[in-house]
Every structure is written in C-alpha cells, then in structure tokens.
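Worksheet for the structure shown next.
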Amino acid sequence: MPKPILLSVDDDSDVLRAIERDLRSQYGAEYRVIGSDSPESALDLLKQLKVRNDSVALLLADQRMPRMDGVEFLQQAMGIYPTAKRALLTAYADTNAAISAINEASINYFFLKPWDPPAEHLYPQLDDLLDDWQASFRPTFRGIRLLGTRWSPRSYELRDFLARNRVPFQWIDVEQTANDPETKQLLEALGPDAAELPVVLFPDGTKLLEGAPADVAQKVGLRTRAQTDFYQLAIVGGGPAGLAAAVYGASEGLKTVMIEREAPGGQAGMSSRIENYLGFPTGLSGADLARRAVVQAQRFGVEILSQEAVGARAEGPYRIVKLADGNEISCHALMIATGVQWRRLEAPGIDRLQGAGIYYGGGATEALSCKGEIVYVVGGANSAGQAAMNFAKYAERVIILVRGESLSSTMSQYLIDQVKETSNIQLWTHAGVAEAHGDSHLEEISVLCSDTDKIERVPASAMFIFIGALPQTEWLANFTERDERGFLLTGPDLLRDGRHTKGWTLDRDPYLLETNVPGIFAVGDVRHGSIKRVASGVGEGSVAVQFIHQYLSKV
Ligand SMILES: Cc1cc2nc3c(=O)[nH]c(=O)nc-3n(C[C@H](O)[C@H](O)[C@H](O)COP(=O)(O)OP(=O)(O)OC[C@H]3O[C@@H](n4cnc5c(N)ncnc54)[C@H](O)[C@@H]3O)c2cc1C
C-alpha cells in the first residue's frame with residue numbers, strides 16, 4: 001500500500017527545503033513527503049492525488065504567500081481532503097492571524113518559524129496530529145474504480161466485462177452516492193472529466209473516459225495482441241468447449257491460442273449455479289468453473305487473447321483468423337467454439353432500455369443492485385430458473401414469465417422443485433412481454449396474457465431475458481457450411497445423399513467434428529445438432545483434439 005502523504009507548501013524555497021528535510025528524516029519511513037512552492041500547483045496536485053485515491057495525512061502551509069495565503073490554501077484544500085490535518089507555518093508577527101484562523105478556518109495547529117530544534121518545536125505537535133489522523137484513517141481502495149450510473153448501458157457493459165474477467169474493481173454509482181462526501185470530492189477533483197461517464201480510474205493515476213471494454217482490456221493487462229503469428233491450434237471462443245479444447249490441446253503439446261471477445265466461461269460463466277456437472281455434488285458457479293479452467297489452460301501454456309474474430313480463410317495448409325483490430329493469426333488447425341448468443345425479444349421499448357433495467361442473460365453483476373426490488377425473468381428454461389433462484393436472494397419478488405402453461409417441458413425437475421420452494425418466486429404462465437416502459441430506465445412492463453387476451457401493465461425494476469439463443473456465425477458465411485439457423489455443420493451432417501459437400505477435395509470423409517473446410521473444427525453449442533450443455537461442450541472440445549492430431553499428422 002502506498003504511504004500516506006505529508007504535503008508542505010511554501011513559496012520560499014529555503015524554508016520549503018528545510019521543512020521537507022525535517023519531515024522526511026522523522027516521518028519518511030511511514031509517510032511520503034511532498035513539497036510544493038505554490039498553493040495553486042499544490043491544489044492541482046491534491047486533485048490528482050484524489051483521483052488516484054492516495055491518502056493525505058497532513059497539509060502544512062506557510063501563511064505569507066503571494067496570490068493565496070496559507071489560510072486560504074488550507075480552506076480550499078479541505079474541500080478535497082477534509083480529513084487531512086491542517087497546520088500553518090507563521091512568523092511571530094502573524095501569530096494573531098494564525099490564532100483566529102484556528103477558530104475560523106478549522107486549522108489544527110500553527111508552528112512558529114524557525115522551529116529549531118524540531119524535536120522540541122515541531123515533532124511532538126506533529127506526532128499528536130498524525131496519531132489523531134491515524135486513529136480515524138481507513139486505507140483507501142487501491143484497485144480500479146469505475147464511476148458511472150446504474151441505468152447507463154455503457155456503465156453496465158464495463159461492470160459486466162470487469163466482473164466476468166475477474167478484474168477486481170470498485171463500482172461507484174455517482175447518482176446513488178451523490179450525497180456521499182467522498183463521491184462529491186472525487187467528482188470535483190475530476191472537474192469537467194466527470195461529465196464523461198463512465199470513467200475508469202486506474203491505480204497509476206491514469207483514467208479512461210467513456211471507455212469501451214477493449215480499451216479497459218488493454219489497460220488491465222488482458223492480452224489483446226498475439227505473441228507470435230503462427231499457432232498449431234487456434235480456438236475461437238472461450239466457453240466450456242473452447243476451454244476444454246485449449247486444455248487438451250496444450251497439454252498434449254500443441255502450441256495453442258484461444259481467442260475470446262468477452263470473458264472466458266461463455267454462457268456457463270453467467271450461470272449462478274451449475275448443479276449437473278460431474279464431480280461437483282453441491283454444484284459450482286459458472287464463474288468458478290471458468291476461473292478454474294482458465295488457470296488450468298494457462299498452466300499448460302495456452303495464450304488467451306481478448307479479441308473478437310471477424311473473418312477466416314484458408315491459404316494452402318494455413319487457416320487464417322482475422323481479428324477485430326485488423327491483425328491476423330495463422331494456424332494449422334482452427335476450432336470454432338463460439339457458442340450461441342441470446343435471441344432478441346421483439347417488443348416496443350426493449351432495445352431502447354437494454355442495459356438500463358433490461359438485460360439479456362444472467363446479469364450476475366446486477367443481482368446485488370436488485371435488493372428489495374421487483375424483478376422479472378422471461379423464459380422457462382434452466383438458465384431462467386437458475387437466474388430466478390439467484391435474484392430471489394436479493395429481490396423482494398421475482399416473477400418468471402412463460403408463454404406455456406408450466407415449466408415442466410422446459411426446465412429440469414430439480415430446478416422446478418427449487419423454484420416452487422422459494423417463497424418470493426412467482427410463476428406467471430401464458431404470459432409474454434408486449435412492451436417495456438420507462439424514460440431513462442425500465443419502470444413498467446405490459447404483459448400479454450394469452451389465456452384471457454388481456455394486457456396487464458405492472459411495475460418492474462429489472463427484467464432479465466432468457467428466451468433461447470442462436471449462433472452468430474455470419475463471419476464464417478460463404479466459408480463454412482451452416483444450417484438455416486447458422487449452426488455449423490460437421491462430420492456426417494455434411495454428407496448429402498451420401499456425397500460430400502461442394503469443395504471437399506480430400507479422399508477421406510470429414511472427421512466427426514470437422515467442418516467442410518479441412519482443418520477447421522466446430523464444437524459445443526455452435527455446432528449443428530450438439531447437446532446444449534456444459535458437459536457436452538467440454539466433451540466435444542476434448543474429443544476434437546484427437547481429430548486435430550490426426551489432421552496435423554498429414555499437414
Ligand atoms: C444462464 C445459463 C445457465 C446455464 N446452466 C447450465 C447448467 O446448469 N448445466 C449445463 O449443462 N448447461 C447450462 N447452460 C448451458 C451451457 O452453459 C452451454 O451449453 C455451454 O456454455 C456451451 O458452451 P460453448 O463453449 O459451446 O459456448 P459458450 O458458452 O456460448 O461460449 C462461447 C464463447 O465464444 C465467445 N465468442 C463468440 N463469438 C466470438 C468471436 N467472433 N470471437 C471471439 N469470441 C467469440 C463468446 O463470447 C463466448 O464466451 C447454461 C447456460 C446459461 C446461459
């Protein structure tokens with residue numbers, strides 16, 4: 001933890017040097033001593049220190065300075081660091097001014113110049129002030145701070161990105177904490193930059209205004225550039241299938257890179273509790289599974305890139321992936337494990353309020369914010385059931401909206417039982433969202449009840465949508481064969497009337513998980529006909545590595 005700061009201000013450089021020397025020799029081990037020769041630059045410095053979240057224990061200013069005297073400086077500095085101890089350095093002639101400043105400007109002490117010997121005229125009084133400061137000092141948070149507002153989609157995007165990538169950060173909702181003195185002082189210190197929310201403040205003092213996840217990724221050290229331009233195996237997608245392929249590929253000696261555009265873990269990473277994954281009898285959270293898998297993959301030397309794949313092509317034995325930043329990676333074997341993304345709910349108001357009360361998927365970062373609120377979960381599959389169970393821990397009431405008459409055909413029995421046993425979860429059947437209402441954030445929804453054909457308008461603080469998912473494989477169109485919904489065809493699915501698809505030139509059949517382009521494999525939810533489960537994704541990712549070895553032996 002950085003040391004708290006003792007700041008002295010004096011326009012007389014000899015006096016400044018002398019006070020700095022005496023402070024450093026007595027307190028240098030525990031405090032950082034900084035000197036400034038002008039009150040104006042000292043105030044600027046204090047604002048910078050505030051933005052960096054540094055602690056200031058003492059402000060010591062000479063009374064007689066041109067343009068701004070010591071009392072005025074200390075009064076202004078108090079607005080930035082109200083808990084710092086404030087002391088004046090005065091000449092004998094200014095004693096009266098100093099005494100009245102103690103009363104009027106809440107100054108803690110004044111020292112007469114010269115203060116020799118310091119052991120008598122400086123240290124005992126400062127010891128007392130610093131002991132007093134230490135008694136109420138709470139060390140400040142030293143990590144990343146994110147300032148924004150709860151209903152801002154961009155703030156949500158960054159919060160979600162940091163949380164899912166397991167980057168520790170402090171979230172400061174500037175609206176909710178508007179009356180908190182710390183927030184006020186921080187916003188003041190930020191000046192005009194405070195208008196450019198969301199603002200990310202890094203411990204090194206740098207800041208990112210209206211930043212996007214990709215900017216933050218670079219800053220927090222998530223790798224965005226590949227270490228080399230060739231790999232034996234490149235995997236696009238870091239969900240369970242991609243992570244399993246990475247672990248098996250790298251552990252069996254393949255130079256492996258995994259490209260993930262959001263956060264490793266994929267859909268599974270959003271699950272609050274996976275209870276049907278082998279070996280975890282009490283279940284485990286998706287975040288925990290992802291964290292363990294990432295550590296395992298990295299231990300075997302997998303390189304993980306925080307990037308989006310936007311194109312792919314084949315050049316002789318090379319398979320080339322184009323990344324969103326324009327760079328390319330070439331490999332011998334390419335694995336597509338990009339899973340599926342949430343299907344959009346088509347109703348007025350939904351798109352406008354997305355990120356401002358309406359969320360697709362788990363919204364794990366939102367669960368805590370829903371304390372005491374009324375939350376709607378749309379959908380009847382396991383993902384909706386898990387989310388409802390998670391939100392029920394915080395929300396006053398969770399209402400699951402389903403179009404059908406029950407959950408029995410869409411949700412696993414163990415989850416149906418848990419939902420039934422949770423008193424603050426309610427099931428609303430024959431119900432679909434007709435419209436979302438609210439100005440800056442979701443306030444109400446209109447629900448179409450198909451059994452009565454009536455629309456009911458009800459208050460809603462947040463709505464989480466889980467209505468099925470589709471693959472996003474447009475970037476592979478015209479290259480790999482897809483079914484009518486965009487899922488990738490592999491192995492026997494590529495055979496039509498017993499014949500290979502157009503363009504297949506090898507005299508062998510495609511391997512079980514191989515696409516119509518030799519050396520490009522597809523695993524997990526993105527694959528046509530796959531079972532949409534964590535275990536099956538993990539299984540396919542692991543098995544595909546065997547076919548990749550066979551393929552590589554002939555490249
Ligand atoms: C909330 C929830 C709860 C669930 N609970 C369970 C459960 O309890 N048990 C169970 O068995 N299954 C569960 N599932 C289903 C399970 O999570 C999925 O079947 C599984 O995650 C699929 O894994 P995958 O690796 O194929 O794809 P995904 O998990 O979808 O991962 C794909 C990854 O690829 C990335 N990606 C996509 N396109 C690109 C691109 N162009 N460039 C770079 N990266 C890209 C995505 O960001 C994503 O991280 C749940 C799903 C959800 C949403």
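Computed values, structure above
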| quantity | calculated |
| --- | --- |
| Restricting segment 530-555 to residues that are open to solvent by 60 Å² or more (accessible area, probe 1.4 Å) and under 16 Å from L489 (Cα atoms), the residue that is nearest to the ligand (Cβ to nearest atom) | K532 |
| Residues of segment 463-493 that turn out to be crowded, with 18+ Cβ neighbours inside 10 Å, touching a Leu at 6+ places or on another chain (Cβ under 9 Å) and in a loop (DSSP other than H, G, I, E, B), as a count | 7 |
| Residue within segment 335-342 that is open to solvent by 20 Å² or more (accessible area, probe 1.4 Å) and more than 9 Å from the ligand (Cβ to nearest atom) present | no |
| Residue match in segment 240-251 (condition: open to solvent by 60 Å² or more (accessible area, probe 1.4 Å), in a helix (DSSP H, G or I) and more than 14 Å from the ligand (Cβ to nearest atom)) | no |
| Hits in segment 98-121 (condition: open to solvent by 30 Å² or more (accessible area, probe 1.4 Å) and of a type in the set (V, I, T)) | I99, I102 |
| First in segment 327-341 and within 17 Å of S306 (Cβ to Cβ) and in contact (Cβ under 8 Å) with a residue 40 or more places away in the chain, second anywhere and open to solvent by 30 Å² or more (accessible area, probe 1.4 Å) and assigned to a loop (DSSP other than H, G, I, E, B), Cβ under 8 Å, 6 or more apart | N327/R225; N327/A226; E328/D229; I329/A226; I329/D229; T338/Q472; G339/Q267 |
| Matching residues in segment 31-52 - criterion: being assigned to a loop (DSSP other than H, G, I, E, B) and open to solvent by 50 Å² or more (accessible area, probe 1.4 Å) | D37 |
| Residue among D22, D11 that is in contact with an Asp or Glu (Cβ under 8 Å, 6 or more places away or on another chain) and either modelled with pLDDT under 95 or of a type in the set (D, E, K, R) (or both) | D11 |
| Counted residues, segment 221-235 - those being open to solvent by 10 Å² or more (accessible area, probe 1.4 Å) and either more than 14 Å from the ligand (Cβ to nearest atom) or touching a Ser or Thr at 6+ places or on another chain (Cβ under 6 Å) (or both) | 9 |
| Sole exception among (1) touching a strand residue (DSSP E or B) at 6+ places or on another chain (Cβ under 7 Å); (2) without any contact (Cβ under 8 Å) to a residue 12 or more places away in the chain; (3) of a type in the set (A, V, I, L, M) for I531, by number | (1) |
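Here's the yes/no breakdown for (1) open to solvent by 80 Å² or more (accessible area, probe 1.4 Å); (2) closer than 19 Å to R223 by Cβ; (3) touching a Phe, Trp or Tyr at 6+ places or on another chain (Cβ under 8 Å); (4) modelled with pLDDT under 95:
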position: R273; (1), (2), (3), (4): yes, no, no, yes
position: Y277; (1), (2), (3), (4): no, no, no, yes
position: T282; (1), (2), (3), (4): yes, no, no, yes
position: G286; (1), (2), (3), (4): no, no, no, yes
position: A297; (1), (2), (3), (4): no, yes, no, no
position: L305; (1), (2), (3), (4): no, yes, no, no
position: A312; (1), (2), (3), (4): no, no, yes, no
position: E315; (1), (2), (3), (4): yes, no, no, no
position: R319; (1), (2), (3), (4): no, no, no, no
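The values are calculated or read from the model by the stated rules, or taken from the named source; none is laboratory data. Bear in mind that the values here come from a model prediction, so they are computed numbers and not experimental data. Note that each Cβ is placed from the backbone with ideal geometry, even for glycine, and that neighbours are counted across all protein chains shown. Only protein heavy atoms, including side chains, enter the accessible area calculation; ligands, DNA and RNA are left aside. Shrake-Rupley method; radii C 1.70, N 1.55, O 1.52, S 1.80 Å.
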